[in-house]
Ligand code: PAF
């Protein structure tokens, strides 16, 4: 693995790779890497000649300054994890992986970008109204990464399900011939979706958090015989009353922000399972636990 901090150095490496007709895979991250990110990198290494992994906490996608300040920054540990992965995949050599770790000034040399992206209905649901400006901020940084890395393929985790729909729409708007590769969520043994935010959970909250996935899995079973609205209501009630039914430590509570059952591509909420016959249905949840906002999905 080679670490690159300057955008110009990334551009030179990409130019060199393109001259040799190498295929480039891009894995955009905000660092604080876990097994989920590593699975994206591993897949990208299998499918491309050169992989660019970006590690950049993008300030313009945080609509909450406190969240930005609290976001874990663990660059040295991240680079070690990538090196360990390379050792695990023995066929990977040091020149097929670039870790791009720019500063904010390097990423946005002209100061805060003025560009604004709109994605219509896919951003008008779930995260969109709750995090104004978030998806536009994601699009700005992802487009900049596309321009610098010029990938053939770009890898994104399905935990941020709505982000994938937004990137699909971004690619359609900017007409870049990049293959968007959504990758499945990686879970801890107890089912909790891996997330950089999990490291902010207290031990008690961490022990309680797998109930989110367990509830979603039960919801998937219920979907065989219950109506959409009943499944939605059951998920929200089950998590909201979890602390009463189970003896939760320190009075910890789940506070669901939303649970929506949507068409897997249009992301529009459905009222009847038949509405998502073509694309499938996905349940997306955001829930607060111990001051940490967790998201997860279930495919129906
Ligand atoms: O999913 C993330 O970690 C971020 O939103 C991304 C895609 C790296 C853009 O900053």
On the basis of being within 15 Å of the ligand (Cβ to nearest atom), surrounded by fewer than 15 Cβ atoms within 10 Å (Cβ to Cβ) and either farther than 19 Å from residue 196 by Cβ or modelled with pLDDT of 95 or more (or both), does residue 16 make the cut?
no
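When you look at residue 78, is it closer than 19 Å to residue 141 by Cα and in a helix (DSSP H, G or I), yes or no?
No; evaluated as a whole, the condition is false for this residue.
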State yes or no: is residue 221 in contact with a strand residue (DSSP E or B) (Cβ under 9 Å, 6 or more places away or on another chain), modelled with pLDDT of 95 or more and at negative phi?
no
Could you go through the range 21-34 and let me know if any residue there is more than 18 Å from the chain's Cα centre (by Cα) and either at positive phi or within 13 Å of the ligand (Cβ to nearest atom) (or both).
yes
Is at least one residue of the range 226-248 under 23 Å from the mean Cα position of the chain (by Cα), over 20 Å from residue 284 (Cβ atoms) and free of Cβ contacts under 8 Å to residues at least 24 places away in the same chain?
no
Selected residue (only one of 62, 56 is within 16 Å of the ligand (Cβ to nearest atom), under 17 Å from residue 294 (Cα atoms) and surrounded by 15 or more Cβ atoms within 10 Å (Cβ to Cβ))
62
Does residue 75 satisfy the criteria of being over 20 Å from residue 192 (Cβ atoms) and touching a strand residue (DSSP E or B) at 6+ places or on another chain (Cβ under 7 Å)?
yes
Of all residues in the range 65-88, count the ones that are exposed (fewer than 15 other Cβ atoms within 10 Å of the Cβ) and within 20 Å of residue 24 (Cα to Cα).
1
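The values are calculated or read from the model by the stated rules, or taken from the named source; none is laboratory data. If you're wondering where the values come from, they're calculated on a predicted model, not measured in any experiment. Because the Cβ atoms are built from the backbone with ideal geometry, glycine has one as well, and the counts that use them run over all protein chains shown.
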